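Novice: Following this message is one structure expressed as structure tokens.
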Amino acid sequence: MHYKNQHPENDPAYKGLSVNEGVEKAPVVNPYRQRKIKRQQYSASQFAEGILAGNMSILSQALTLVESSLPEHQIVAQEVIEKCLPHSGNSIRLGITGVPGAGKSTFIEALGMTLVRSGHKLAVLAIDPSSERSKGSILGDKTRMEELSVAKNAFIRPSPSAGSLGGVARKTRESIILCEAAGFDIIFVETVGVGQSETSVHSMVDFFLLLQIAGAGDELQGIKRGIMEMADGIAINKCDGSNIDKANVAKVQYQNALHLFPPHESGWSPEAITCSSVENNGIEEIWEMVERYIAFIKANEYFAVKRNMQSKYWMYETINEQLKGNFYKNPEIQSLLIENEKKVLSNELSSFIAAKKMLDKYFGGFGK
């Protein structure tokens with residue numbers, strides 16, 4: 001027997017040795033690899049029809065278009081928004097902010113499940129901070145809202161802040177319109193935390209809720225004039241266990257502090273309520289406060305006035321954003337920026353003069 005094509009160890013001369021022939025070499029191309037299924041491309045009309053029909057897959061794709069910075073995506077997104085706009089505006093928009101560690105995600109899940117069980121359709125627009133270095137976001141809010149993320153009438157959409165002021169997603173307002181058109185009657189907008197983002201969130205919601213905690217130091221440190229003046233209500237979370245007494249003391253402190261600020265344009269007097277997201281205590285009382293507020297401002301017609309002011313605010317914000325983007329994308333300005341930056345760094349020009357020169361160049365002398 002010839003062992004030319006086999007292992008020589010299998011020759012009878014080598015007693016006690018035996019080597020298997022092995023297996024056939026696997027093919028280079030994996031036969032089990034599936035082809036990537038290309039997602040169907042919809043027209044603006046198809047997007048609008050799907051959203052109005054309550055199709056969550058189409059809604060998610062439309063929100064992706066809204067968040068995209070690609071010009072071709074923005075054209076379709078704006079058409080979709082225009083078609084959905086007449087079907088929006090019928091929800092209660094609730095903005096939720098608070099200090100880091102206040103338990104915003106746990107609170108949103110507790111309140112959200114209470115509303116879903118009572119028959120409401122809830123959309124949560126959670127803003128995740130984007131890295132200044134990588135520009136990436138974790139988008140992990142769904143993992144912290146395990147029960148709400150699988151609830152039938154709930155929709156959670158984490159969005160990257162993408163460099164927007166204070167961490168508010170640039171397209172959150174447009175996302176609200178699409179969610180309302182899809183039939184959601186309650187919209188939550190969660191911010192990254194206490195910061196500059198609160199002004200933007202306040203300008204797109206009906207009720208602005210400030211979430212606080214007690215027992216983490218001096219409660220008065222949490223009383224910042226700007227944020228307190230914007231709040232329509234305060235919820236002192238984690239009022240459970242050994243923290244109950246501290247939470248009740250904090251409630252009195254915040255309630256007293258609220259009386260020191262000028263009255264709201266709506267005529268509403270903000271309230272402070274204690275709650276526990278873990279034990280589900282005080283959650284229903286907070287929603288009752290929101291409903292009282294909505295009924296109050298609808299009765300005195302401030303509800304429509306506030307919505308109109310918000311629409312006006314976002315029109316001007318969009319103009320500012322478009323002007324800024326167009327300015328920096330201008331090829332002549334891009335070359336001038338490098339040139340003037342060098343002059344500023346070498347003290348040949350002041351920052352203000354350099355800026356004025358470039359703006360004058362951009363506007364072609366308009367406004368001199």
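Read-outs: derived from the displayed coordinates by stated rules, not from any lab. Note that this is a predicted model, so its numbers are computed, not measured. So basically every Cβ, Gly included, is an ideal-geometry build from the backbone, and we count neighbours across all protein chains shown.
Novice: Residue separation times 0.36 nm, minus the C-alpha to C-alpha distance between A299 and R117: what's the value?
Specialist: Values: separation 182, 0.36 × 182 = 65.52 nm, distance 2.76 nm.
62.8 nm is the gain from fully extending A299 to R117.
Novice: Of K152/K251; K171/K312; K83/K121; K83/K104; K83/K171; K329/K361, which sit over 26 Å apart, Cα to Cα? Spell out each step's value before the answer.
Specialist: On the way: K152/K251 35 Å; K171/K312 16 Å; K83/K121 21 Å; K83/K104 33 Å; K83/K171 17 Å; K329/K361 14 Å.
Correct reply: K152/K251; K83/K104.
Novice: Quick check: residue separation of E147 and F261 times 0.36 nm, minus the Cα distance between them. What number comes out in nm? Could you put the intermediate results ahead of the total?
Specialist: Working: separation 114, 0.36 × 114 = 41.04 nm, distance 3.82 nm.
Working it through step by step, the gained length comes to 37.2 nm.
Novice: So if we plug the beta-carbon distance of D185 and S68 into 1/(1 + (r/R0)^6) with R0 = 35 Å, what FRET efficiency do we get, rounded to 0.05?
Specialist: Working: r = 27 Å, r/R0 = 0.78.
Rounded to the nearest 0.05, the efficiency is 0.80.
Novice: A further question follows. If r is the Cβ-Cβ distance from T199 to K312 and R0 is 22 Å, what FRET efficiency results, to the nearest 0.05? Intermediate values should be presented prior to the final figure.
Specialist: Working: r = 15 Å, r/R0 = 0.68.
Step by step, r from the Cβ atoms, then E = 0.90.
Novice: For D240, list long-range residues whose amide hydrogen, built 1.01 Å from N in the peptide plane, is under 5 Å from its own amide hydrogen.
Specialist: Sorted by chain and number, the residues that satisfy this come to none at all.
Novice: Between region 314-363 and region 64-96, how far is it from one alpha carbon centroid to the other, in angstrom?
Specialist: That distance is 30 Å.
Novice: Sticking with this structure for a sec: Give me a comma-separated list of calculated 3J(HN,Hα) values for region 326-342, in order, Karplus coefficients 6.51, -1.76, 1.60 applied at θ = phi - 60°, integers in Hz, x for any Gly or Pro.
Specialist: 5, 4, 6, 8, 5, x, 5, 5, 4, 6, 5, 4, 5, 5, 6, 4, 5
Novice: Oh, and also: Which far-off residues, 5 or more places away or on another chain, put their amide H under 5 Å from the one on H264, with H placed in the peptide plane?
Specialist: Under 5 Å from the amide H of H264: no residue qualifies.
Novice: To continue, here is another question. With a point put 7 Å past each Cα toward its Cβ, work out how far V344 is from L85 in nm, to one decimal.
Specialist: Using points 7 Å along Cα→Cβ, the separation is 3.6 nm.
Novice: Which far-off residues, 5 or more places away or on another chain, put their amide H under 5 Å from the one on M145, with H placed in the peptide plane?
Specialist: For M145, whose amide H was placed from the backbone, there are no distant partners under 5 Å.
Novice: Mind pulling the per residue volume of the convex hull built on the Cα atoms of region 314-362? Å³ is fine. Before the final figure, lay out the partial values.
Specialist: Values: hull volume 3.5 nm³, N = 49.
Normalising the Cα hull of region 314-362 by residue number yields 72 Å³.
Novice: Quick one: which of 332-339, 45-52 comes out on top by average Cβ neighbours within 10 Å, and what's the full order, highest first? Don't skip to the end; give the middle numbers.
Specialist: On the way: 332-339: 12.2, 45-52: 18.1.
Packing proxy ranking, top to bottom: 45-52, 332-339.
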